[in-house]
Amino acid sequence: MTDPAPPARALFDVLRRATPARVGLERAGQGLATTPMLDFQLAHARACDAVHAALDLDKLRAELGLRSLITASAAPNRAAYLKDPGLGRRLGPLAEPLPFGEADLVIVIGDGLSAVAVQAHAAGVVKALLERLPTWTLAPVVIARQARVALGDEIGEAMGARAVLVLIGERPGLSAADSLGAYLTWSPKPGRRDHERNCVSNIRWPGGLSYDQAADKLAWLLFEARRLGFTGVGLKDRQAGTEALGRPLIGAPNPICLAD
């Protein structure tokens, strides 16, 4: 929006306090004033940096404090990953064999389109979620480079997990470059489609869902998926089902896939 007339400026001040979106921007002639233009350029630069950043694998593994494995998609490098999304949905030919078991859940952490988001938030979400799943068996965490959401389907099937949870960096925007997405699929196998998943997005604090809020939502979805035997559009978020966890849930799954 352009610079508002003086009587409307108070209203836009209220809106600016409620949202990070760019509303009522000050103008200088036909263009933006210097300050909002510099803010825009900085946000754009941060988004570009997030897309091209690389995960610090050693740091992430140390923060997780869990048994973890490293693998990679079929994308040989970042340029190929960005040009051909299909490569990021398949395990690469040189990927190490994944151990087979019968775990309830495998967590896959993929860099996606924002390694910055994964580096900042993935370990915190994993720790908060596992506190809510004390009776679930967990396969080794898989950290996947050049990953898309669907890569979790192949990993989940290879490891014999009943469910796969993919934590992945979402596509950066001009309001946030560090937003983490969580994609849950029951009975994973190659060929699963987006409508067969549940998504909780905009996990980042401050500015989005906190780790506890996201973990509450994901735990509820996991318990319901196990009860029903499926995920996706048939698994609706109903607050009435939260008694199973013994606490209220905050936030809601976002059906828009921002990471694939």
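Throughout, read-outs are computed from the coordinates displayed, never taken from laboratory work. This is a predicted model, so every value here is computed, not measured. Neighbour counts are summed over all protein chains in view; Cβ atoms, including those assigned to glycine, are modelled from backbone coordinates with ideal geometry.
List of remarks:
- Label zone (Lys236, point 7 Å along Cα-to-C-beta; backbone nitrogen cut-off 15 Å) within segment 173-209: none.
- Cβ-placed point charges (K, R +1; D, E -1), dipole of segment 110-219 about Cα centre in debye, nearest 20: 100 debye
- Share, in percent, of DSSP beta bridges within the chain that are antiparallel, nearest 5: 45 percent
- For segment 65-163, the C-alpha radius of gyration divided by 2.2 N^0.38 Å, with N the number of residues, is 1.06.
- Full-stretch length increase - Arg27, Lys59 - with 0.36 nm per residue and alpha-carbon distance subtracted: 7.2 nm
- Cβ crowding within 10 Å averaged over residues, with 154-163, 108-117 ranked highest first: 108-117, 154-163
- Total charge dipole magnitude, the chain, about the Cα centre, Cβ charges on Lys, Arg, Asp, Glu only, Debye to nearest 20: 280 debye
- Cα-derived Rg over Rh, computed across segment 109-246 with Rh taken as Kirkwood radius: 0.94
- Charge dipole (debye, nearest 20) of segment 40-107; +1 at Cβ of Lys and Arg, -1 at Cβ of Asp and Glu: 260 debye
- Farthest toward the positive end of the dipole of segment 52-244, out of Gly124, Gly234, Phe223, is the Cα of Gly234, where the dipole comes from beta carbon charges about the Cα centre.
- Simple spin-label estimate for Glu96 and Leu133 in nanometres, 7 Å along Cα-Cβ: 2.2 nm
- Over the chain: helical MRE at 222 nm, DSSP H runs n ≥ 4 each giving -39500 (n - 2.57), nearest 500: -10000 deg cm²/dmol
- Modelled spin-label separation between Leu66 and Cys48, with each label point placed 7 Å from Cα along the Cα-to-Cβ direction: 3.6 nm.
- Listed values [x] 29, 19, 18; [y] 26, 20, 17; [z] 35, 23, 15, entry calculated as semi-axes √(5λ) of the Cα gyration tensor in Å: [z]
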